[in-house]
Amino acid sequence: MEKTAVHKASMPVNTYRLIQIVLGVVFSAYVIWRFYDVFIGNPAYGADTWMRFAISGVVLGSVYALVAIGYTLVYGILFMINFAHGDIMMIGAFGGYFVFEALKNIPSPTVGDPHQVFLNAHPIISVILAFVVGMIVAAVSGYFLEKIAYRPLRNAPRLVPLISAIGASIFLENAALLLFGSQRRDFVNPVQLTRGTGWNIPVNGTTVILPYTGVLTFVLSVLILIALYLLVQRTRIGRAMRAVAENKSTAALMGIDVDGVISRTFIISGALAGAAGVMWGIHLGLVYYQVGFIPGIKAFTAAVLGGIGNIPGAMLGGMFLGIIEALGPAILGLPFQLKDVLAFGILVLILIFRPTGLLGEVLSEEKV
Amino acid sequence: MSMLEINDIHTYYGNIHALNGISLKVEKGEIVTLIGANGAGKTTTLRTIAGLLKPRQGQVLLEGEDITKLKAHEVVYKGVAMVPEGRGIFARLTVTENLDLGAYSRTDRQNFAQDLERVFTIFPRLKERQKQVAGTLSGGEQQMLAMGRSLMARPRILLMDEPSMGLAPILVESIFDTIVAINKEGTTILLVEQNALMALSIAARGYVLQTGEIVLLDSAANLKQNEMVRKSYLGIE
Ligand SMILES: Nc1ncnc2c1ncn2[C@@H]1O[C@H](COP(=O)(O)OP(=O)(O)OP(=O)(O)O)[C@@H](O)[C@H]1O
Ligand SMILES: [Mg+2]
């Protein structure tokens, strides 16, 4: 006891590190014990239940990844957190919702079913339309969000655009409240994509459903993430984005229209969030004016987890968070209602112990 | 008509009056140097020409065309390239990607390969390092990259801000040789240098800048003999 006190007085930095290590060891030991307890000691769930958790985690994770990219792209270029990003996702979700609603009312009679509607007669076209519209309205919103709420504050102190972002978020939610009301609406899918239906996988004598909506969400997310990666790494616009992220005035000296690149970054981020919103609606079935709030904060957590500014980090962070959220409560023996608390607990821990995130993008001074 | 002419430029940083009525001319095919002590306003002058800073008063003319109001990226399309102070390479991008960005303003992409070859002929070291991330290059290699990148734009006029800064003497000489070679190929050059002796030995004419004002302009040969220049910038008593 006394020894520690002396130590602390003379080497405060090492003491801090020591506390971190001790806490880390204790926490790891607890997690390992929980793993042992849950899987071997007192198996709480069968393999089928774990599989259901895992499926739901991977699907949610892929949505978080899409939204997290938006936080990371914008941070990479403007060094600000776009707190209204979750609301852009909400706008995308409404876009997809209204497409399905409209197509549900267009009759498309067939020989077998005179009451058939377009939505069910042409589910693939309907889904494509929902995504196209959802992505476009979200992209356009992202574009105007930057132009109106952030661009005039480009040279203001760093805190100012953050406040503006929070203001924009409140504005967008209230605009949606005014336009669409406060009720939670049922996101009606084409009948072929009815929630809860899917492929049946036999596990442990029972069957686990691999939902169609989940597979659609996951596959589409992965395709979009690959496309984004290629865009950033292989194309002229991607090169310009990376140049602007590193140094705006030198980028301008190359002939790059910096404002244009920033606009395009918001358009791309918005489109990804819009796609995520439509996925959220299709897979989870609800849309309302605050539907983007929780996934927005989760995706922000994912972006920080992967190292904000780091694109592969955001992808991995999203997946990781989705899986932790789905499996964590069961493994740690927490009530499932606490899964959000778990996610935000992770955010707090990361911010305290490893603010650079898992992939360790250094928030260098030159950037700040 | 001069390649570049600036008339009575006043540039401010907030309330700081950094350039107090600067005028200068660079003729087509010339190397002109701008010398001056730290903080005299050399970088500010180049940044104003490049459009990164907007003067409150005065004009920047490129072959007679007024480019004062253009944005920095638009000025590039007019044929002005700049090697910024401290090189300004994109450290996280590869050498090739940096060079590629140098050609960003070019519309004739079909000449890209040929221009890349030209840069690699001037700087063979860059060819060896093509795939390398630029931040891992040595200081001298980074300077070569910054110059090579500016050449990829095929500028009519090249603005260079202290290209010799922080380089070993032997490298400084080869950088100056390269500047002469680039100029011989037809690029007009406005060169800002701390190394006034070297700059004056390759330039045709020179301007001396002091706290935001041009205090002297003459042929390089005359400037080298000038009492004040010898004392203040060449370190010769
Ligand atoms: N971003 C800025 N904000 C405020 N003042 C500035 C800024 N940049 C330069 N200045 C001031 O403007 C004046 C001219 O600076 P400038 O960088 O043009 O000098 P310089 O001749 O390039 O000097 P050096 O040889 O050190 O590069 C200096 O007094 C400097 O302090
Ligand atoms: Mg300078």
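Rundown of residues vs (1) within 20 Å of the chain's Cα centre (by Cα); (2) under 19 Å from A:A240 (Cβ atoms); (3) open to solvent by 30 Å² or more (accessible area, probe 1.4 Å); (4) not charged (D, E, K, R), yes/no style:
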position	(1), (2), (3), (4)
B:T121	no, no, yes, yes
B:R125	no, no, yes, no
B:E141	yes, no, no, no
B:L151	yes, no, no, yes
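Just the residues that are near ligand 1 (Cβ under 6 Å from one of its atoms) and at positive phi, please, taken from region B:38-52.
Listed by number, the residues that qualify are B:G39, B:G41.
Filter region B:163-218 down to the residues that are touching a Phe, Trp or Tyr at 6+ places or on another chain (Cβ under 7 Å) and in a helix (DSSP H, G or I), then identify the one that is farthest from ligand 1 (Cβ to nearest atom).
Going through the qualifying residues, I end up with B:I202.
In this structure, does A:L286 turn out to be surrounded by fewer than 20 Cβ atoms within 10 Å (Cβ to Cβ), at pLDDT 95 or above and more than 10 Å from chain B (Cβ to nearest Cβ)?
No.
Suppose we keep only residues that are within 13 Å of chain A (Cβ to nearest Cβ) and aliphatic (A, V, I, L, M) within region B:34-56. Which one would you say is farthest from B:L158 (Cα to Cα)?
Checking each candidate, the answer is B:L53.
Filter region B:153-171 for residues that are away from ligand 2 (no atom under 16 Å from the Cβ) and either open to solvent by less than 10 Å² (accessible area, probe 1.4 Å) or without any contact (Cβ under 8 Å) to a residue 24 or more places away in the chain (or both) and give the result.
B:I157, B:L158, B:P169, B:I170
Tell me, yes or no, whether region B:67-77 has at least one residue that is crowded, with 23+ Cβ neighbours inside 10 Å, more than 10 Å from chain A (Cβ to nearest Cβ) and either in contact (Cβ under 8 Å) with a residue 12 or more places away in the chain or touching a helix residue (DSSP H, G or I) at 6+ places or on another chain (Cβ under 7 Å) (or both).
No: region B:67-77 contains no residue that is crowded, with 23+ Cβ neighbours inside 10 Å, more than 10 Å from chain A (Cβ to nearest Cβ) and either in contact (Cβ under 8 Å) with a residue 12 or more places away in the chain or touching a helix residue (DSSP H, G or I) at 6+ places or on another chain (Cβ under 7 Å) (or both).
How many of the residues in region A:108-147 are closer than 23 Å to A:L193 by Cβ, among the charged types (D, E, K, R) and open to solvent by less than 50 Å² (accessible area, probe 1.4 Å)?
Matching residues across region A:108-147 total 0.
Could you give every pair whose Cβ atoms fall below 6 Å, whose first residue belongs to region A:47-67 and is in contact (Cβ under 8 Å) with a residue 24 or more places away in the chain, and whose second residue is open to solvent by less than 30 Å² (accessible area, probe 1.4 Å) and not in a helix (DSSP H, G or I), counting only separations of at least 6 or pairs across chains?
Short answer, once both residue conditions are applied: A:A47/A:V203; A:D48/A:V203; A:D48/A:V208; A:M51/A:V203; A:M51/A:V208; A:R52/A:V208.
Rundown of residues vs (1) within 16 Å of ligand 1 (Cβ to nearest atom); (2) farther than 25 Å from B:S219 by Cα, yes/no style:
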residue: B:G21; (1), (2): yes, no
residue: B:E30; (1), (2): no, no
residue: B:V83; (1), (2): yes, no
residue: B:G86; (1), (2): yes, yes
residue: B:R92; (1), (2): no, yes
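Identify the residue in region B:1-15 that is away from ligand 1 (no atom under 16 Å from the Cβ) and outside any strand (DSSP E or B) and, among all such residues, is modelled with the lowest pLDDT.
Checked region B:1-15; the qualifying residue modelled with the lowest pLDDT is B:M1.
Specify which of the listed residues (A:V38, A:V58, A:V63) is part of a helix (DSSP H, G or I), open to solvent by 40 Å² or more (accessible area, probe 1.4 Å) and within 24 Å of A:L334 (Cβ to Cβ).
A:V58
Please work out which residue is farthest from B:T43 (Cα to Cα), limiting yourself to region B:78-101 and to residues that are within 14 Å of the chain's Cα centre (by Cα) and more than 7 Å from chain A (Cβ to nearest Cβ).
Only one residue tops the list, namely B:G79.
What number of residues within region A:226-263 are away from chain B (no Cβ under 14 Å) and touching a residue at least 24 places away in the same chain (Cβ under 8 Å)?
3
Kindly establish whether B:R106 is surrounded by 16 or more Cβ atoms within 10 Å (Cβ to Cβ) and within 16 Å of ligand 1 (Cβ to nearest atom).
Criteria not met by B:R106.
Give the residue that is nearest to ligand 2 (Cβ to nearest atom), with candidates limited to residues of region B:23-63 that are modelled with pLDDT under 95 and touching a helix residue (DSSP H, G or I) at 6+ places or on another chain (Cβ under 6 Å).
Per the stated criteria, the residue is B:G36.
The values are calculated or read from the model by the stated rules, or taken from the named source; none is laboratory data. The shown structure was predicted, so the numbers you read here are calculated from the model rather than taken from an experiment. All Cβ positions, glycine included, derive from the backbone under ideal geometry; neighbour counts span all protein chains shown. Quick note on the areas: whole protein, heavy atoms, side chains included, nothing else; ligands and nucleic acids left out. Shrake-Rupley method; radii C 1.70, N 1.55, O 1.52, S 1.80 Å.
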